[in-house]
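Laboratory data are not the source of any read-out in this text; all were calculated from the coordinates shown. The structure presented is a predicted model; accordingly, all values stated were derived computationally and were not measured. Reconstructed Cβ throughout: ideal geometry from the backbone, glycine too, with neighbour counts over all protein chains shown.
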Amino acid sequence: MDWIATLNLPNATLAGGKPIPKTVLIAQGGLTKTEEKLLKQYSRLTHIATIQRATARIAPVLNSEYEIGSVIYLRCELVKSGGFGELASALHKVFPNPIVLLFEEPGGKVGVSVSLKRKSHAEKGAVVVERIESARLFDPSQQAFADYLEDIRHGALPQSDLLAYVCALCDRTAKAAAIASIGEYPHCKDADTAQLMALLVHLRDTQSEINVLQSQYRDKEATLAESSRLRMALKRKEREHDRFATEIKELCHG
């Protein structure tokens with residue numbers, strides 16, 4: 001995947017694809033032993049671009065909540081097909097800057113994960129991950145995801161400051177995460193954006209609950225009565241999920 005062309009990253013921002021050794025991540029990232037094991041899921045992590053005032057003429061943000069001097073784009077080549085959620089969380093934790101992780105798996109699918117960092121309220125000088133949004137592995141040629149990739153091109157993102165830039169990346173990636181449920185990349189009127197984002201949170205939360213219920217339902221140790229209860233709870237949650245999906249589509253096409 002030619003991410004530089006796909007995202008139209010300006011030449012001045014390019015970092016040359018410099019590899020980042022796993023030993024550096026382990027030494028500087030404060031990873032737990034469990035998180036260190038997650039690094040086996042990828043074969044290569046490279047730095048492809050840095051968005052900042054000097055390279056993209058986008059103002060940094062420094063206030064009581066945020067200290068954002070740059071946004072880093074990293075390309076991560078996965079060893080095999082599958083999810084990358086836990087790996088993404090570990091990698092976001094390592095870097096003090098907001099990170100855009102661009103995943104590739106051997107079968108040709110790609111994924112995107114974006115993090116927003118803020119100052120720690122508990123430890124002076126430290127930062128914490130405030131928000132992570134991920135578009136799980138997808139076929140970039142599928143129209144809905146092609147629309148998403150178009151929407152996160154560098155020139156399509158706000159250029160006022162880096163906080164606006166990262167927040168837009170997060171919001172648009174959250175919308176892409178809904179494609180599997182609604183079959184399209186959701187667009188809406190500017191006035192309806194807050195409502196759309198709230199519905200997307202509900203959709204994501206109900207899907208997470210569905211995943212848990214499905215796992216419990218498949219548990220061979222569950223009693224007949226427990227399986228019956230789980231089946232009914234699963235159906236209720238699926239109806240709730242479908243209702244949110246319908247509301248999103250109606251909002252976008254209304």
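Lysine pairs in the stretch 15-121 whose alpha-carbon atoms fall under 16 angstrom of each other, counting only those eight or more residues apart or on distinct chains, come to 11. When only the Cβ of Lys, Arg, Asp and Glu is charged (+1, +1, -1, -1), the dipole of the stretch 190-253 relative to its Cα centre reaches about 380 debye.
Go from 0 up to the bin containing the longest alpha carbon distance in the stretch 64-195, width 5 Å each, and give me the % of pairs per bin. Values per bin, smallest distances first: 2, 10, 20, 22, 20, 14, 8, 3, 1, 0.
Within straight-line reach of K189, meaning a Cα separation under 18 Å, sit the following lysines at least 8 residues removed in sequence or on another chain: K175, K249. Normalised by 2.2 N^0.38 Å, where N is the number of residues, the C-alpha radius of gyration of the stretch 90-159 stands at 1.32. For K220, the lysines whose Cα falls under 21 Å of its own Cα, not counting residues fewer than eight places away in the same chain, are K235. Between the entries (i) 19.4, 64; (ii) 21.0, 72; (iii) 21.2, 79, the label attached to Rg and Dmax of the Cα atoms in Å calculated for this structure is (i). GNM remark for the chain: springs join alpha carbons under 10 Å apart, and the peak mean-square fluctuation among S215, S89, S181 falls on S215. A straight line joining the Cα centroids of the stretch 98-117 and the stretch 232-254 runs 27 Å. Compute the label zone of N11 within the stretch 129-154: residues whose backbone N is under 19 Å from the point 7 Å along Cα-to-Cβ. Counting backbone N atoms under 19 Å from the label point, the list is 154. Solvent-free Debye calculation, one equal scatterer per alpha-carbon of the stretch 190-253: log10 I(q)/I(0) at 0.15, 0.16, 0.29 Å⁻¹ equals -0.53, -0.57, -1.14. Helical runs assigned H by DSSP (4 residues or longer) give the chain a calculated mean residue ellipticity at 222 nm of -13500 deg cm²/dmol, each run adding -39500 (n - 2.57) before division by the residue total. Mind checking the angle between helix 85-94 and the chain's longest principal axis? C-alpha axes, 0 to 90 degrees, to the nearest 10. Once rounded, the angle reads 30 degrees. Contact order normalised by length for the chain, with contacts defined as Cα pairs under 8 Å and 6 or more residues apart; what percent is it? 14 percent.
The modelled label-to-label distance for the pair A146/D190, using points 7 Å beyond Cα in the direction of Cβ, is 2.8 nm. Counting 0.36 nm for each residue step from I26 to E65 and taking away their Cα separation leaves a gain of 11.3 nm.
Rounded to the nearest 20 debye, what is the charge dipole size of the stretch 96-254 about its Cα centre when +1 sits on each Lys and Arg Cβ and -1 on each Asp and Glu Cβ?
440
For the stretch 141-240, the set of trypsin sites (Lys or Arg not before Pro) satisfying both a DSSP loop assignment and a count of at most 14 other C-beta atoms within 10 Å is given as R153, K189, R218, K220. Compute the signed sum of charges (Lys and Arg +1, Asp and Glu -1) over the other residues within less than 11 Å, Cβ to Cβ, of T206. Within the 11 Å Cβ shell, the charges total 0.
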